[in-house]
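**Q** Can you read through this structure? Questions will come right after.
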Amino acid sequence: MTTAIVHPNIALVKYWGKRDKALNLPSTGSISLTVDRYETRTTVSFGSDHDVAYLSGRRLQGKEHERVFRHLDLVVPGRPPAEVVSANNFPSAAGLASSSSAFAALTMAAAASAGLSLPIERLSELARRGSGSACRSLWGGFVEWRRGVLADGSDSHGYPLAPQSAWDLRLVVAVLDPGQKKIGSREAMNRTTETSPMYPVWVNTADLDLDEAREAIAARDLSALGAVMERSALKMHATMMTALPAIRYWQPASVAAMEVVESLRAGGVSAFWTMDAGPNVKVLCEAHSADAVARALAEVAPAVEVLGVGGPPRLIP
Ligand code: PMV
């Protein structure tokens with residue numbers, strides 16, 4: 001039995017939509033930041049009587065149960081029955097990227113428990129099959145998930161861009177609603193791909209965003225990274241809002257948080273927001289301005305969390 005401890009990642013340039021649904025291959029590349037403090041701990045033990053999985057003490061049933069054990073079948077083909085025990089120290093399924101750390105941790109713990117020593121790129125590729133964003137959580141710091149060109153997806157996994165120690169930034173999370181989201185990212189991105197007239201624009205402009213973000217990270221240029229990060233989030237949400245029927249994760253409090261970020265910027269604080277498949281707003285800023293950003297967001301958000309740049313996953317035997 002092995003436990004994997006994995007941090008979630010938040011996309012700065014987003015992944016939204018697949019070129020291959022079965023293999024979970026993305027239409028575009030994406031770039032993320034692995035965060036610290038938030039983590040998923042997952043233990044996999046083989047040799048139980050039957051397959052059983054718990055998430056934060058709750059026994060998984062139905063589709064959730066199936067998704068976990070289908071993933072184990074993929075990582076350890078021909079495996080014996082297994083017990084999976086997983087817990088997050090942050091709210092699940094509220095656009096706080098829980099699936100990124102969940103499937104990365106499940107993949108790592110399962111492979112290690114089965115005694116498989118797979119290259120990290122292969123683990124990333126397997127994690128991608130569970131949840132796309134998970135392939136970026138195999139590394140700390142800044143990570144790119146390349147779209148890849150191969151039909152079997154073997155070149156579509158995470159590639160580290162800069163380690164945790166490269167740039168001391170903060171991601172301040174305005175937790176506006178820790179509840180479960182109404183529509184999951186998988187269903188939402190498929191509907192967007194199939195119905196939004198804006199979707200081709202999203203795909204056609206992604207490479208430029210990726211180039212700009214990569215350069216900004218290499219140059220440690222927060223204004224440049226922040227500009228492309230907000231643009232990527234706005235474009236992603238624009239494709240969703242123009243899907244049929246429309247998908248809108250934004251709530252009045254999300255817009256209020258965006259306005260707080262704009263006023264901070266007008267006052268000379270370098271701060272930039274992003275939002276995922278949930279109402280929470282995450283604000284990237286310099287370490288020395290994190291307190292000011294957190295105080296300003298606390299005016300509009302019931303809870304605010306300050307996260308740093310996280311490191312790579314750990315395994316505990
Ligand atoms: O791979 P999923 O199902 O966790 O989808 C992630 C989608 C976003 O969080 C909105 C964007 C991203 O790149 O993480």
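The values are calculated or read from the model by the stated rules, or taken from the named source; none is laboratory data. Note that the coordinates shown come from a computational prediction; the quantities given were computed from them, not determined experimentally. Don't worry about glycine lacking a Cβ; one is built from the backbone with ideal geometry, like all the others, and counts go over all protein chains shown. We work out accessible area using only protein heavy atoms, side chains counted, and drop any ligands, DNA or RNA first. Shrake-Rupley method; radii C 1.70, N 1.55, O 1.52, S 1.80 Å.
**Q** Restricting to the stretch 282-314, and then to whatever is in a strand (DSSP E or B) and of a type in the set (D, E, K, R), can you tell me which residue is most open to solvent (accessible area, probe 1.4 Å)?
**A** Arg314
**Q** Filter the stretch 258-281 down to residues that are in a loop (DSSP other than H, G, I, E, B), in contact with a helix residue (DSSP H, G or I) (Cβ under 8 Å, 6 or more places away or on another chain) and surrounded by 22 or more Cβ atoms within 10 Å (Cβ to Cβ), then give me how many there are.
**A** Count: 4.
**Q** Conditions: (1) within 27 Å of Met240 (Cα to Cα); (2) in a strand (DSSP E or B). Ile5 meets all but one. Number of the miss?
**A** (1)
**Q** Given the condition free of Cβ contacts under 8 Å to residues at least 60 places away in the same chain, more than 30 Å from Lys235 (Cβ to Cβ) and more than 13 Å from the ligand (Cβ to nearest atom), answer yes or no: does some residue in the stretch 13-25 qualify?
**A** No.
**Q** Residues that are within 16 Å of the ligand (Cβ to nearest atom) and aromatic (Phe, Trp, Tyr), at least 2 per element: which strands (runs of 3 or more DSSP E) completely within the stretch 133-235 meet that?
**A** Once the strands (runs of 3 or more DSSP E) in the stretch 133-235 are filtered for at least 2 residues that are within 16 Å of the ligand (Cβ to nearest atom) and aromatic (Phe, Trp, Tyr), what remains is 142-145.
**Q** Out of all the residues in the stretch 242-257, which are crowded, with 19+ Cβ neighbours inside 10 Å and closer than 20 Å to Ala227 by Cα?
**A** Once the filter is applied, which keeps residues that are crowded, with 19+ Cβ neighbours inside 10 Å and closer than 20 Å to Ala227 by Cα, the stretch 242-257 yields Ser254, Ala257.
**Q** If you don't mind, there's one more thing I want to ask. Considering only residues that are open to solvent by 40 Å² or more (accessible area, probe 1.4 Å) and farther than 27 Å from Ala287 by Cα, look in the stretch 206-234 and name the one that is farthest from the chain's Cα centre (by Cα).
**A** Of everything passing the filter in the stretch 206-234, Leu208 is farthest from the chain's Cα centre (by Cα).
**Q** For residues in the stretch 195-205 being in contact (Cβ under 8 Å) with a residue 12 or more places away in the chain and surrounded by fewer than 20 Cβ atoms within 10 Å (Cβ to Cβ), which is nearest to Trp167 (Cα to Cα)?
**A** The selected residue is Thr205.
**Q** Mind listing just one residue for me: the one in the stretch 118-131 that is in contact with a Ser or Thr (Cβ under 8 Å, 6 or more places away or on another chain) and not charged (D, E, K, R) and, of those, nearest to the ligand (Cβ to nearest atom)?
**A** Applying the filter and picking the extreme gives Ser131.
**Q** Mind checking which residues of the stretch 17-52 are of a type in the set (A, V, I, L, M), in a strand (DSSP E or B) and over 28 Å from Ala162 (Cα atoms)?
**A** Selection gives Val44, Val52.
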